[in-house]
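Just below is one structure, and these are the notes that go with it.
The values are calculated or read from the model by the stated rules, or taken from the named source; none is laboratory data. Keep in mind it's a predicted model, so treat the numbers as computed, not measured. Glycine also receives a Cβ, built like all others from the backbone with ideal geometry; neighbour counts cover every protein chain displayed.
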Amino acid sequence: MAVNYHLSVGRRKTSTARVFLYEGSGNVTINGKNGIDFFKKEAFLKEAIDPLNVIDMKSKFDVVINVKGGGVTGQVGAIRLGISRAILKYDASLRDGLKKERMLTRDSRMVERKKSGQPKARKRFQFSKR
């Protein structure tokens, strides 16, 4: 049986996105909703599907995405990485174009944990010598 989609996972902060890349006409579905309805702002959707614009194949693929966790910017970053990885599974020769635009790099920055004896991760309680 032939595979008619390419699956990949993208992560950013605490967000995880599973991306299914189908050959189609350019529809983007996120958690069962249209892309613009999910994000409410076109700028977020444009940034999320930027890998398809970099390789000039936006109208060649339908993208179905399941995303959970984190906030809006984390979800956008997770979707962006997931789409980039799915494109590589479709055609590995597109790697140079995506790598040049830094679409394949996993952003490893996470929230620093709170330490005991402090009110937050780095903030200290007020110090008084006396």
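Let me confirm something: among Val63, Val67, which residue is at negative phi, out of contact with any helix residue (DSSP H, G or I) (no Cβ under 6 Å at 6 or more places or on another chain) and buried (at least 17 other Cβ atoms within 10 Å of the Cβ)?
Val63
Scanning the stretch 40-72 for residues that are part of a helix (DSSP H, G or I) and either more than 13 Å from the chain's Cα centre (by Cα) or under 19 Å from Ser8 (Cα atoms) (or both) yields a total of 10.
Sort out which residues of the stretch 110-119 are surrounded by 10 or more Cβ atoms within 10 Å (Cβ to Cβ) and farther than 19 Å from Gly70 by Cα, and write them in order of number.
Lys115, Gln118, Pro119 - these are the residues of the stretch 110-119 that are surrounded by 10 or more Cβ atoms within 10 Å (Cβ to Cβ) and farther than 19 Å from Gly70 by Cα.
Please determine, by comparing only the residues of the stretch 83-105 that are assigned to a loop (DSSP other than H, G, I, E, B) and farther than 15 Å from Arg12 by Cβ, which one is nearest to the chain's Cα centre (by Cα). Across the stretch 83-105, the extreme among qualifying residues is Glu101.
Which one is nearest to Arg109 (Cα to Cα), of the residues in the stretch 21-31 that are surrounded by fewer than 18 Cβ atoms within 10 Å (Cβ to Cβ) and at pLDDT 95 or above? Restricting to residues being surrounded by fewer than 18 Cβ atoms within 10 Å (Cβ to Cβ) and at pLDDT 95 or above, the top hit is Asn31. Residues that are over 15 Å from Ser108 (Cβ atoms) and of a type in the set (A, V, I, L, M, F, W, C) within the stretch 66-83 comprise Val67, Val72, Val76, Ile79, Ile83, listed in sequence order.
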